[in-house]
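Each remark here refers to the structure printed beneath this line.
Coordinate-derived values only; no laboratory data. Note that the coordinates shown come from a computational prediction; the quantities given were computed from them, not determined experimentally. Don't worry about glycine lacking a Cβ; one is built from the backbone with ideal geometry, like all the others, and counts go over all protein chains shown.
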Amino acid sequence: MSTEIEPRPQDVDVTEDELEALIGDRAIGRDDHLNAPGFVINPDDVQDVLFDLRDEAGFDHLSCLTAQQYQDRYESIYHLKKYVDPTQEVSIVVPTTLDQPVSQSAEPVFRTADWHEREAFDLVGIDYEGHPDPRRILLPETWQGHPLSNDYDQTKPQLVTLSEHENPIQPDHVDSESDTMFLNVGPHHPATHGVLHIKAVLDGETVLDVDPDVGYLHRCEEQMCQQGTYRHQIMPYPDRWDYVSSGLLNEWAYARTAEDLADIEVPEYAQVIRTMGAELCRIASHMLALGTFALDVYGDFTAVFQYAFRDREVVQDILEDLTGQRLMFNYFRLGGVAWDLPEPREEFIAQTRDFLDELPAKVDEYNDLITSNEIFQIRCVDTGILEPEVAKEYGCTGPVARGSGVDIDLRRDDPYGYYENLEWDVVTEDGCDNYSRVLVRMQEVEESAKIIEQCLDLLEEWPEDEREVQANVPRTLKPDADTEVYRAVEGAKGELGIYIRSDGTDKPGRFKIRSPCFHNLSALEQMVQGEYIPDLIASLGSLDIVLGEVDR
Amino acid sequence: MSNEPRQQIYDSTAPSTDTREARMGEGLDNRFNSKLREAFGASPFILTKFDQFMNWVRGNSMFMLQFGIACCSIEMIHTYAIKHDLDRFGAGVPRASPRQADVMIVPGTIVSKFGPRMKRVYDQMPEPKFVVGMGSCTISGGPFQEGYNVVKGAEEIIPVDIHVPGCPPRPEALVYGVAKLQERIKNGESSPVVVKPYELEQFGDLPKDELVQKLADDIDEEDLVMRYNWADSP
């Protein structure tokens with residue numbers, strides 16, 4: 001890699017004793033989670049402890065911030081990881097009192113804490129002292145109450161304002177001194193990939209500042225999951241977070257977390273099917289990213305866009321045969337998958353192989369049409385630069401981080417499923433620009449094809465009497481009270497993590513989703529400063545956000 | 001270059017006679033069993049009402065609003081794109097601006113923050129306008145109905161002509177829904193515009209209750225607001 005990473009002792013494993021010594025007296029207790037040791041600290045020590053953990057122990061990735069309310073206190077949990085080794089984890093638990101829920105902000109340590117803490121304030125109601133921008137993020141500014149706190153009354157009326165979008169050329173909106181202009185993009189705009197609102201400040205054609213305004217698709221996914229029972233009622237929701245047919249990847253995030261929580265072993269055969277299905281989803285998802293990116297960059301609604309959708313149709317047909325649905329699969333079960341490959345088995349395998357055989361020619365076609373296209377290169381090379389250090393600060397993961405040369409892929413670094421036993425590579429590019437992110441996605445399609453090929457070989461030869469698709473799982477799952485776990489998988493857009501706290505019933509006490517798009521999107525402001533406005537659109541397209549997952 | 005092939009066609013009147021005979025032949029020809037053909041009969045004149053003619057034209061050339069909200073929009077794109085190709089039915093030109101659109105497909109969950117925006121986009125469309133609600137969320141809130149932030153169906157905010165159920169509906173289902181809408185438009189039907197529970201109102205016009213008092217400092221009297229009465233929602 002060309003980029004120099006600051007010398008931190010990151011790759012050295014930090015033992016629990018060393019962590020204890022590092023945090024020292026500042027730890028006022030222990031609150032271990034299933035995935036990591038947890039240290040309870042005072043609300044005044046947050047920055048202090050996080051700085052030490054980052055600089056001296058190498059925990060440079062604030063993966064997730066979970067906020068929740070107990071009967072007697074509020075709690076913020078900082079889930080820390082390392083980019084070099086995501087299996088190294090530590091949780092910092094910060095309790096605050098009910099009558100004064102104020103905690104120190106972690107924003108000076110991790111830039112990504114900005115949006116995390118805004119969300120925690122919005123939904124749970126914890127104030128973060130020293131936060132640079134303490135506004136609501138998902139709900140409208142005028143909202144009353146914090147919906148995930150205990151005393152929230154859902155039937156109370158609410159008022160939502162519709163402020164007129166200012167006309168940017170109207171004289172009184174142009175600041176004559178700085179000569180800047182304010183521009184709204186969205187929330188209903190073809191280039192925003194859904195319902196995103198970007199407030200941009202322009203100087204001529206140059207972008208000075210952007211402020212993504214999210215929350216136009218905040219569907220209360222966390223509340224929905226907290227109301228569902230573990231066994232069957234939660235699984236349909238992950239499909240709808242990242243709805244660009246990454247369903248199985250998302251379902252796996254829930255399956256992995258809940259299986260760890262309830263200690264369920266998944267049969268190997270089911271793991272192979274899961275791996276294959278998940279990679280098919282990744283191909284479908286990257287195809288859409290590619291098609292819409294071409295649409296954004298040079299308005300190509302005819303060739304590339306339609307080709308990408310042609311290939312998506314094929315993948316969706318295969319997935320439909322496998323799962324019974326085109327988009328919202330609901331195919332994973334805790335402890336395995338719903339059913340075996342469709343009969344006739346040979347036909348399904350042959351059909352999938354046909355798709356894989358045709359894929360290299362199609363990828364060549366895309367390369368001819370897109371990546372080797374001069375216009376495309378002029379638009380994308382060296383625009384929307386995201387330096388690796390910045391990407392880490394903002395908690396970027398997935399193809400966005402890998403396009404900036406950050407070598408992280410949970411499939412390899414924190415293995416799950418059957419990935420360990422298969423031959424495939426993690427794709428990284430050092431360009432840090434829009435072009436690299438496209439290249440990463442295109443190559444990942446080929447890597448996914450490799451994985452599917454190997455899975456098909458395994459499935460074909462699997463002895464007929466050992467095809468166990470589901471483990472024995474009790475009808476009602478009631479994990480022990482106050483067990484906490486945070487687990488992540490590599491979704492199509494990056495690290496998709498879930499935190500579950502069980503409260504002894506058959507429904508989760510707290511269900512928190514760590515969405516990769518949310519944090520990738522927060523890096524947009526760094527990527528587009530000083531760029532032209534068309535590059536803002538290109539950068540947004542190359543981030544490949546899905547608003548369902550950003551807003552949840 | 002020789003003109004011979006062309007000449008041959010000029011020489012022979014066979015092709016045009018065949019066509020004419022096929023058209024004018026005895027009784028009705030099955031190949032031309034369209035409404036138009038029935039109206040034409042053997043004569044080249046048609047008598048109709050201007051309104052009917054306009055409805056017929058309207059139904060066969062619908063401009064859709066390019067409007068993606070949630071999961072259903074992915075299936076909506078598939079409906080527009082290759083394979084399903086909604087354009088075959090005269091209903092597949094997505095317009096990016098509401099000012100140019102006739103039909104709005106509402107593809108997904110509507111949440112409180114988006115409700116006023118959707119109402120505004122609907123208001124910006126020129127009359128006559130039609131709405132296809134796509135997916136369970138636009139019917140009742142679907143799987144998110146119990147959410148604190150989710151509007152319980154598009155009909156709380158705008159009138160809907162056709163509901164397409166499903167989560168998400170398959171592209172075929174959306175094509176069917178649009179075809180049904182075209183049928184209705186051709187017959188001159190449209191759903192009655194009734195007063196909806198959630199309207200855009202000026203803040204100053206709202207009754208002075210506790211919530212309005214609380215927000216009085218933040219919101220201008222003339223600002224447009226939408227007041228959600230969650231308790232009254234189905």
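Calculated on the alpha-carbon coordinates, the convex hull of segment A:218-297 measures out at 93 cubic angstrom per residue. Potential lengthening of the chain between A:Glu56 and A:Glu387 amounts to 116.9 nm, from the contour at 0.36 nm per residue minus the alpha-carbon distance. Given R0 = 22 Å, the distance between the Cβ atoms of A:Asn472 and A:Gln227 translates into a calculated FRET efficiency of 0.25.
Think of the protein assembly as shown as having a plus end and a minus end, set by charges on the Cβ of Lys, Arg, Asp and Glu; of A:His79, B:Phe114, B:Val160, B:Val160 sits farthest toward the positive end of this dipole. The calculated FRET efficiency for the pair B:Ala179 and A:Ala303, based on their C-beta separation and a Förster distance of 30 Å, comes to about 0.60. Evaluating 6.51 cos²θ - 1.76 cosθ + 1.60 at θ = phi - 60° for every residue in segment B:174-186, the Karplus couplings come out as 5, 4, 4, x, 5, 4, 5, 5, 4, 4, 5, 5, 4 Hz, glycine and proline recorded as x.
Considering helices alone, the calculated mean residue ellipticity of chain A at 222 nm is -11500 deg cm²/dmol, with DSSP H runs of length four and up weighted by -39500 (n - 2.57) and normalised per residue. Here the label points at A:Glu129 and A:Glu320, each 7 Å from Cα along the C-beta direction, are separated by 5.8 nm in the simple model.
According to the Kirkwood relation over distinct C-alpha pairs, the hydrodynamic radius of segment A:231-377 is 16.4 Å. Size descriptor for segment A:1-163, Kirkwood hydrodynamic radius: 16.9 Å (Cα pairs only, one decimal). Hull volume per residue, based on the alpha-carbon atoms of chain A and their convex hull, is 157 Å³. Placing dummy labels 7 Å off each Cα toward the beta-carbon, the span from B:Ala216 to A:Ala350 is 7.7 nm. Roughly how many nanometres apart are two label points built 7 Å out from the Cα toward the Cβ at A:Asp263 and A:Lys156? About 4.2 nm separates the two model spin labels. Placing a label point 7 Å from the Cα of A:Thr180 along the Cα-to-Cβ direction, the residues of segment A:120-160 with a backbone N closer than 19 Å are A:132-135. Within 10 Å of the Cβ of each residue in B:102-115, the mean number of Cβ atoms contributed by other protein chains is 5. Considering all different alpha carbon pairs of segment A:221-551, the Kirkwood hydrodynamic radius works out to 20.2 Å. In segment A:1-163, a dipole from Cβ-located charges (positive for Lys and Arg, negative for Asp and Glu) runs towards its positive end, and of A:Ile28, A:Gly145, A:Ser163 it is A:Ser163 whose Cα lies farthest in that direction. Taking 15 Å as the cut-off, the amide N atoms of segment A:56-90 that come nearer than this to a point 7 Å along the Cα-to-beta-carbon line of A:Glu18 belong to A:56-60, A:81-90.
A Förster distance of 45 Å, applied to the separation of the beta-carbon atoms of A:Leu34 and B:Ser61, puts the FRET efficiency at 0.15. Using only side-chain charges placed at the Cβ, +1 for Lys and Arg and -1 for Asp and Glu, the dipole size of segment A:310-438 relative to its Cα centre rounds to 480 debye. Full extension of the chain between A:Gln377 and A:Asp506 yields a length gain of 41.1 nm, computed as 0.36 nm times the residue separation minus the alpha carbon distance. Counts of other chain beta carbons within 10 angstrom of each beta carbon in peptide A:34-47 average 0. Each Lys and Arg adds +1 at its Cβ and each Asp and Glu adds -1 at its Cβ; summed about the Cα centre, the protein assembly as shown shows a dipole of about 4020 debye.
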